Amino acid sequence: MELTRKQFDILEALAGAKNAMSQRDMEKQTHHSLGTINRLVKELTEGGLIADGRITRQGLAALEPYRVKRAVFIAAGFGSRLIPITLNTPKPLVRVHGVRIIDRLIDACIAAEIPEIYIVRGYLAEQFDQLRYKYPQIRFLENPTYNEANNIGSALAARAILSNAYVFEADLLISNPAIIRKYHYSSDFLAIRKDRTDDWCFSVKDGIITEEKVGGEGPDIWQMVGISYWNEEDGKKLANDIYDVYSSPGGKERYWEQVPLVYRKDHYTVSVLECREEDIVEIDTFSELKAIDRSYDV
């Protein structure tokens, strides 16, 4: 059964609930009006997908096509702006308050029951082997072009497995693991709504990303977070489009997300998924690392 977006929202909320939910609870969780909730509950109950404020087996089966199957971490880069700490340690393996940056992301994926976890590595690749002691299920992909291409080289190495997949920048410090979801209705990028930003951002109209750029202001500006999800259809298209862009003149200099958002944007409809400032932070420089973890301030 193909779900509408609003039907999906109700089922996703119920799938994550420990107890039965009232329609008021569903309203708070999904932000749909109570009248809409009433209509959706009736539809889903008649279809056998929910019963007495709980999702049924049939409802879980209806969600299955929207389930995340894998997570891909782009972790091949130098992390040059974090020198000197990254001279001997890849940035995703840097510890913040005693925990490796990438561990928090991996733990969030495990909590969301994402079965396959891949790490694309390059710089100091052998150091990532230490992750296997804690996460034996991890699979590694090698990026031999990490020292000559931008992160599109890592996407090229992973291009065959991007369907039903999260793609993570592996150096993001996550504080709210709930932003990593078990189900996604469509391809999307996490982003933070802003009045103004000098960072990479999106212009958004009716929830759909219309432009990626550096810096912007206005009611429809969202600051980009380096976490995205790609559904089955878009993942298959990415496999070809990443190769084509990488192989084009100047292609090695591109960022991977420019493939669906800039150079082949007519092939994709990508939603924005909101998160908050306090949910996640990218540590760009050594001074920012020291501000977060004072143990480096020596």
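Taking region 1-63 and the helices (runs of 4 or more DSSP H) fully enclosed by it, the elements with 3 or more residues that are outside the structural domain of HIS184 (by TED's automatic domain parsing), at pLDDT 95 or above and closer than 20 Å to ALA112 by Cα are at 5-15, 57-63. For region 137-157, the criterion of a residue being of a type outside the set (Val, Ile, Thr) and in contact with a Pro (Cβ under 7 Å, 6 or more places away or on another chain) is satisfied by no position.
Does ARG159 qualify as being within 30 Å of TYR243 (Cα to Cα), at pLDDT 95 or above, basic (Lys, Arg) and touching a strand residue (DSSP E or B) at 6+ places or on another chain (Cβ under 8 Å)? Criteria not met by ARG159. Residue-level analysis places ARG81 among those that are modelled with pLDDT under 95, part of a helix (DSSP H, G or I) and surrounded by fewer than 17 Cβ atoms within 10 Å (Cβ to Cβ). Applying the criterion of being out of contact with any Leu (no Cβ under 7 Å at 6 or more places or on another chain) and among the hydrophobic types (A, V, I, L, M, F, W, C) to the residues of region 8-37, the residue that is farthest from GLY48 (Cα to Cα) is LEU34. Scanning region 183-202 for residues that are touching a Phe, Trp or Tyr at 6+ places or on another chain (Cβ under 8 Å) and hydroxyl-bearing (Ser, Thr, Tyr) returns TYR183, TYR185, SER187. The condition of being part of a strand (DSSP E or B) and either touching a residue at least 60 places away in the same chain (Cβ under 8 Å) or crowded, with 21+ Cβ neighbours inside 10 Å (or both) does not hold for ALA149.
The values are calculated or read from the model by the stated rules, or taken from the named source; none is laboratory data. Only a predicted model underlies this, so the values are computations on that prediction, with no experimental measurement involved. As a convention, Cβ positions derive from the backbone with ideal geometry for all residues, glycine included, and neighbour counts pool all protein chains shown.
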